[in-house]
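Chemist: I'd like to ask some things about the structure below.
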Amino acid sequence: MIDFIQNSVDGIMIGSRYALLAIGFTLIFGVMRRLNLSYGPSIMIGVFVGTFIFIEFKAGWMAVAAATLVGAVIAGIYVERLCFWAIRQGAALASMVSSFAIWMQLEEFVTLSFPDRTYPFPPLTGDVPLKIAGISIQLSYLVMFAMATTLMLALNLALYRTRFGLAVRAVSENPVAARFMGINTSRVIFFAFVVASALGGFAGFLIAANEQQVTPLFGLWATFKGLIAMMLGGMGSVPGAILGGFLLGVIERQATWYLGAEFRDLVAYGLLFVFLAFRPGGLLGQRLAERERLALRRV
Amino acid sequence: MDEHTIQVLSNIGMFSFIALSAYLLLITGEISFGQQAFFAISAYASGIATAMWGWGLGLGILWGALVAAAAAFLLAWPTLRMRGLYFAIGTLAFAEMIRLVFEVWTYQVKIDGELVGPDGSEGFRGVRYAFENDISNLEYMLLIYGLLAVVLVFFFLIERSRLGAIFRMLGEDELLAEMQGVNRVYYKVLATVMSGFIAGIGGALYIHLNTYVEPKVFNVMLGVHSLAYGLIGGLGTSLGPLIGVALDIGLLESTRLFTGFRMVVFGGLVAVLLIVRPRGLLDEDVVYWLKRRAARWLGRSKKPRPARRRPSISAPEVRDAED
Amino acid sequence: MLRIEGLRRHFGGIEALAGIDYSLEAEGVFGLIGPNGSGKTTLFNVITGLYPPNGGRIRFHDEDISGRSPHRISAMGIARTFQSPRVYRRMTVRENLRAAQHTLPGARGNWLTLARSPARARAEGHLDELLEATGLAERQNELASNLPLPDQRRLELARALARSPKLLLLDEPAGGMTPTETHEMAQLIREVAAPGRTCIVIEHKMDMIDALCAQVCVLNFGRKIAEDAPGEVLKDPVVLEAYIGRQKGAA
């Protein structure tokens, strides 16, 4: 039993990374109804900018964090302009494939500029294991969890207490109606992208700081974890993304413990598939199949 | 014809199968990022047949494609209710699961004192049928293109048949099609099984050409590429996916110009292309224009067509995945 | 031939159909009216199998069709049009009509139906007649999405007729049309659609209902509140209250 609890706690700690990644994904999906397959890679650009700063200028973690954020945002804007803004409404598949093409472009760009397998990254804290009520938690994990949660709360506040947040929610709900109400949807989408990239950049920073290293595989990894967490929680829902992230973390941990590392991803994908088959709305998407059928059949 | 050219052409032919399989589903209105699963299943099945059970190549390929089609049949049911993007991700998840299963699955038998068979992440080596039976690279390439020609004829017939029209109806407006008597379940499952079979042919050819395969080959990259080929080459005709494959593999792999930063260039080109031609090079408008030109050139008189017209095969937009 | 008993359908907390009894025996045009949200379109949706009923039964020619899938109901000879014209936008007018024929019993068995064959020729002939009758012959090779609204509505009607249905459900066939266009549509329905089959027409335009229908059924809040000849129904105080009362509430 203690194992199960320990795993769950570890899972939640790790899950906070996934939750952060998923939030960005879901924000973008919410306002655009398209998948951004370049999300992970654009964060990766940020992370590698950070590591560059670290290596070249021996900068402290705050400078590195800032650099990561800026890098991620710039990459995000590049993707947004090229793959989404430039492709007219309705050609959603073209946007997704375009974002895939840019994914490959960015990934190769990174491997060309950083040919080694791994690069160092400054840690936030030392490797200090804590013991709380018999459960051991790494300090660095806890810090990450705390920062992630703070960010999520901040985002929630922004979404529900600011005009920008209102605009984002309006566009997510119904872009046509939003436009009729005078909301500049393309500007909202742009800023949503910026926010999502910033969040992603920060997530990338936290993850890299935790690992104390970065590799070019980060892009793919981040995209997938973010995607799965987002789908588990419900596409387009920020609280869903958070929940989905934690759930994914816990599931992975338990699967690794009880079945072995090779089965970890298999279980995650299997869970995703089951969700899609029976509850595509995810945890928080309301009986989506029924709703969507009704929406589709609004004849 | 030198060896290098043969190799490039063989690859183009082989990957065309999986591109066509994604394209077929696209016609019926489904975006699949998971066709590589059937590619993989067939590769393993056919490899097992020829390398471990001693079957002939032709039978092995057929067996592989049939097993892939059966897997597609199984996949069709849980994905029936998934719409638009959910279907895309569902197929992606499925394909990844298949890949991960192959990463851990071993099935080996002793043949002539050696262990042969799929060995988890080591992959499946020793599929040497082509080698042992003295099939030259040129002959193999002809085999690939022979099978490809058969599949293309099949597509040609479909595009002109009632079946193709029904597929297109589903792709255009599924609800309307249902109201007009189209049995959605039947035709969607049919399309999925057909696409699985076609991808399967490619997979079986792949493993026999390379004599080995590793599970990591069947990753999401392959899946999205398959779809992208159709989108680049054009969704107006089944030749579109082939053009996409030829552009990617032929033009870029073989030219030494861009070694090292091939993806940087190609990725950028694709993104730009999709801005100006979101439905690819040979999209429906172009195909229609070409057909009219050809008809006129051949002297056939057609009724005057006052408005711009899009002939039948067109890929749908991604359905709004409402949350 | 159409018998609806105690039909219920709810969506979440909203009861769209609260127990409807309705039956039609004869050929001809019948009206279905009621304020917005009274359940008219939902009734069509349930009859055609879009949503299964939550209670009650639908019988068509004595067969219980409640909850069957849309394509099977369509095969029994029920066709419908939609409030906003729903056509295959990227196909031409003619192709749209031809698409409706693809799943008719005669079309089966011939995989390459688009090749020349006597059956195909007959089917094409039928299309020609339909195009003539609905006035679409001249625009038959235009993209459906290029048509102006009245022509799209004609196309809607034509493609419903292409399957020679026994029961035709028309959902606001004159929606958004000028008085002249409405009059033409009414004529079209009377002369082309109605003969030889049963039509149910949902409309808000009372003069059209008056001109076309022998009998009118009125819904309000998912219940039938009246069923009579148009003249009578439009004088019924219960019906008037449903409409005007609703207006007052919305003001």
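Chemist: Are any residues in the stretch A:113-154 without any contact (Cβ under 8 Å) to a residue 60 or more places away in the chain, loosely packed, with under 13 Cβ neighbours inside 10 Å and part of a helix (DSSP H, G or I), and if so, which ones?
Modeler: A:146, A:150, A:153, A:154
Chemist: Please verify whether the stretch C:122-137 includes one or more residues that are buried (at least 21 other Cβ atoms within 10 Å of the Cβ), touching a residue at least 60 places away in the same chain (Cβ under 8 Å) and either within 14 Å of another protein chain (Cβ to nearest Cβ) or among the small types (Gly, Ala, Ser) (or both).
Modeler: The answer is no, given that none of the residues of the stretch C:122-137 is buried (at least 21 other Cβ atoms within 10 Å of the Cβ), touching a residue at least 60 places away in the same chain (Cβ under 8 Å) and either within 14 Å of another protein chain (Cβ to nearest Cβ) or among the small types (Gly, Ala, Ser) (or both).
Chemist: Of the conditions (1) touching a helix residue (DSSP H, G or I) at 6+ places or on another chain (Cβ under 6 Å); (2) closer than 16 Å to residue C:24 by Cα, residue C:167 fails just one. Which one is it?
Modeler: Every condition holds for residue C:167 apart from (1).
Chemist: In the stretch A:230-251, how many are more than 10 Å from every other protein chain (Cβ to nearest Cβ) and in contact with a Lys or Arg (Cβ under 9 Å, 6 or more places away or on another chain)?
Modeler: Number of matching residues: 4.
Chemist: Let me ask something else. Six or more apart or on different chains, Cβ atoms under 7 Å: show the pairs whose first residue is in the stretch B:45-62 and over 17 Å from residue B:139 (Cα atoms) and whose second is basic (Lys, Arg) and at pLDDT below 85.
Modeler: B:51/B:128
Chemist: Right, next: Does the stretch C:226-243 include one or more residues that are modelled with pLDDT under 90, of a type outside the set (A, V, I, L, M, F, W, C) and assigned to a loop (DSSP other than H, G, I, E, B)?
Modeler: Yes, the stretch C:226-243 contains at least one residue that is modelled with pLDDT under 90, of a type outside the set (A, V, I, L, M, F, W, C) and assigned to a loop (DSSP other than H, G, I, E, B).
Chemist: Without any contact (Cβ under 8 Å) to a residue 12 or more places away in the chain and farther than 16 Å from residue C:31 by Cα - does that describe any residue in the stretch C:217-234?
Modeler: Within the stretch C:217-234, not a single residue is without any contact (Cβ under 8 Å) to a residue 12 or more places away in the chain and farther than 16 Å from residue C:31 by Cα.
Chemist: Right, next: So which residues in the stretch C:69-94 are at the interface with chain B (Cβ under 7 Å from one of its Cβ atoms), in a helix (DSSP H, G or I) and more than 21 Å from residue C:201 (Cα to Cα)?
Modeler: Across the stretch C:69-94, the qualifying residue is only C:71.
Chemist: So, in the stretch A:75-89, how many residues would count as being surrounded by fewer than 17 Cβ atoms within 10 Å (Cβ to Cβ) and either farther than 15 Å from residue B:271 by Cα or of a type in the set (Asp, Glu) (or both)?
Modeler: 1
To keep it simple, each residue is scored yes or no on (1) in a helix (DSSP H, G or I); (2) without any contact (Cβ under 8 Å) to a residue 60 or more places away in the chain; (3) within 28 Å of residue B:85 (Cβ to Cβ).
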position	(1), (2), (3)
A:34	no, no, yes
A:43	yes, no, yes
A:53	yes, yes, no
A:63	yes, yes, no
A:78	yes, yes, yes
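Chemist: Regarding residue C:146, is this residue crowded, with 16+ Cβ neighbours inside 10 Å, more than 27 Å from residue C:75 (Cα to Cα) and in contact (Cβ under 8 Å) with a residue 40 or more places away in the chain?
Modeler: no
Chemist: For residue B:13, state whether it is within 30 Å of residue B:142 (Cβ to Cβ), away from chain A (no Cβ under 14 Å) and in contact with a strand residue (DSSP E or B) (Cβ under 9 Å, 6 or more places away or on another chain).
Modeler: Against the criterion (within 30 Å of residue B:142 (Cβ to Cβ), away from chain A (no Cβ under 14 Å) and in contact with a strand residue (DSSP E or B) (Cβ under 9 Å, 6 or more places away or on another chain)), residue B:13 does not qualify.
Chemist: The conditions are (1) under 13 Å from the mean Cα position of the chain (by Cα); (2) in a helix (DSSP H, G or I), and residue B:31 fails exactly one of them. Which is it?
Modeler: (2)
Chemist: Taking residue B:200 as the residue in question, decide whether it is within 14 Å of another protein chain (Cβ to nearest Cβ), of a type outside the set (Val, Ile, Thr) and within 13 Å of the chain's Cα centre (by Cα).
Modeler: No, not satisfied.
Chemist: Taking only the stretch A:252-273 into account, find how many residues are within 9 Å of chain B (Cβ to nearest Cβ), without any contact (Cβ under 8 Å) to a residue 12 or more places away in the chain and hydrophobic (A, V, I, L, M, F, W, C).
Modeler: Final tally of qualifying residues: 3.
Chemist: Same structure, new question: Select the helices (runs of 4 or more DSSP H) contained entirely in the stretch B:156-264, then report the ones holding at least 2 residues which are at negative phi and in contact with a strand residue (DSSP E or B) (Cβ under 9 Å, 6 or more places away or on another chain).
Modeler: Hits in the stretch B:156-264: B:184-210.
Chemist: Do the conditions hold for residue B:263, that is, is it modelled with pLDDT under 90 and either under 18 Å from the mean Cα position of the chain (by Cα) or closer than 30 Å to residue C:101 by Cβ (or both)?
Modeler: no
Chemist: To continue, here is another question. Suppose we keep only residues that are surrounded by 24 or more Cβ atoms within 10 Å (Cβ to Cβ) and at the interface with chain B (Cβ under 7 Å from one of its Cβ atoms) within the stretch A:90-101. Which one would you say is nearest to the chain's Cα centre (by Cα)?
Modeler: Residue satisfying both the conditions and the ranking: A:100.
Chemist: In this structure, does residue A:53 turn out to be within 17 Å of the chain's Cα centre (by Cα) and either closer than 24 Å to residue A:195 by Cα or more than 8 Å from every other protein chain (Cβ to nearest Cβ) (or both)?
Modeler: No: the conditions fail for residue A:53.
Chemist: Sticking with this structure for a sec: Among the residues of the stretch B:212-255, write down those that are farther than 26 Å from residue B:102 by Cα, within 14 Å of another protein chain (Cβ to nearest Cβ) and surrounded by 24 or more Cβ atoms within 10 Å (Cβ to Cβ).
Modeler: If the condition is that a residue be farther than 26 Å from residue B:102 by Cα, within 14 Å of another protein chain (Cβ to nearest Cβ) and surrounded by 24 or more Cβ atoms within 10 Å (Cβ to Cβ), then B:230, B:231, B:232, B:233, B:234, B:235, B:236, B:240, B:241, B:244 are the ones that fit.
Chemist: With the requirement that a residue be among the aliphatic types (A, V, I, L, M), under 23 Å from residue A:93 (Cα atoms) and facing another protein chain (nearest Cβ under 7 Å), what does the stretch B:147-172 give you?
Modeler: Hits for the stretch B:147-172 are B:165, B:166, B:169.
The values are calculated or read from the model by the stated rules, or taken from the named source; none is laboratory data. From a predicted model like this one, the values you see are computed outputs, not experimental measurements. Heads up, the Cβs are rebuilt from the backbone with ideal geometry, glycines too, and the neighbour counts pull from every protein chain shown.
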